[in-house]
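Reading through the structure tokens given below for one structure.
The values are calculated or read from the model by the stated rules, or taken from the named source; none is laboratory data. Being a predicted model, the structure only gives us computed values, none of them experimental. All Cβ positions, even for glycine, are placed from backbone atoms using ideal geometry, and neighbour counts span all protein chains on display.
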Amino acid sequence: MVFLGVDWAEEHHDACLLDEQGKVLGRARVANSLEGVSRIHALVADHSDEPNAVVVGIETDRGLLVQALLAAGYQIYAINPLAVDRYRDRHSVSGAKSDAGDAKVLADLVRTDRDNHRPVAGDSQQVALGSRSPGLGPHASASGQSATEHSARVLSSCPGGLQR
């Protein structure tokens with residue numbers, strides 16, 4: 001299992017990926033765009049093959065990024081910004097805010113305390129991935145694609161040929 005914290009902003013997002021012990025696996029600052037979503041998927045894909053083994057902490061429950069992460073099959077937790085503030089205060093004496101630091105705080109928060117927060121309820125799998133045939137695994141569509149493969153295919157068909 002890996003834990004992705006995303007400090008969301010209008011222009012860009014900071015992402016931090018942690019392993020189960022809290023070790024930083026990667027960081028990225030990405031644009032609020034399809035290319036940015038693609039870069040986040042690439043960061044995650046370097047460390048996890050299973051979409052349902054990716055837990056995301058983010059300060060919003062809507063928008064392009066959240067919908068793309070849900071469509072990929074990741075577990076998303078919307079964390080109230082005030083909770084992030086309090087969590088940061090618990091773990092840092094300076095209390096200084098930074099986007100990259102908050103991304104790590106969000107990843108660590110869902111790594112250790114996700115049971116105290118609400119998961120984002122996205123569209124049903126049928127809406128997000130198209131209808132599925134009975135008897136297929138939880139991340140397979142009728143064509144046999146996993147959610148991550150489907151997301152990569154959708155992104156690669158975007159103008160400019162975005163790649164995962």
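Here is a yes/no grid of residues against (1) touching a strand residue (DSSP E or B) at 6+ places or on another chain (Cβ under 6 Å); (2) surrounded by 15 or more Cβ atoms within 10 Å (Cβ to Cβ); (3) at pLDDT 90 or above; (4) under 22 Å from residue 2 (Cβ atoms):
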| position | (1), (2), (3), (4) |
| --- | --- |
| 47 | yes, yes, yes, yes |
| 50 | no, no, yes, yes |
| 59 | no, yes, yes, yes |
| 62 | no, no, no, no |
| 76 | yes, yes, yes, yes |
| 88 | no, yes, no, yes |
| 95 | no, no, no, no |
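Is it fair to say residue 107 is modelled with pLDDT of 85 or more, surrounded by fewer than 19 Cβ atoms within 10 Å (Cβ to Cβ), hydrophobic (A, V, I, L, M, F, W, C) and not in a loop (DSSP other than H, G, I, E, B)? In short, no. Go through region 20-35 and give me each residue that's within 17 Å of residue 107 (Cβ to Cβ) and surrounded by 15 or more Cβ atoms within 10 Å (Cβ to Cβ). Residues satisfying the conditions are 25, 26, 27, 28, 29, 30. Of all residues in region 18-37, none are at pLDDT 90 or above, of a type in the set (S, T, N, Q) and under 13 Å from the mean Cα position of the chain (by Cα).
Checking the stated criteria, residue 43 turns out not to satisfy the condition of being under 11 Å from the mean Cα position of the chain (by Cα), surrounded by 15 or more Cβ atoms within 10 Å (Cβ to Cβ) and over 17 Å from residue 71 (Cα atoms).
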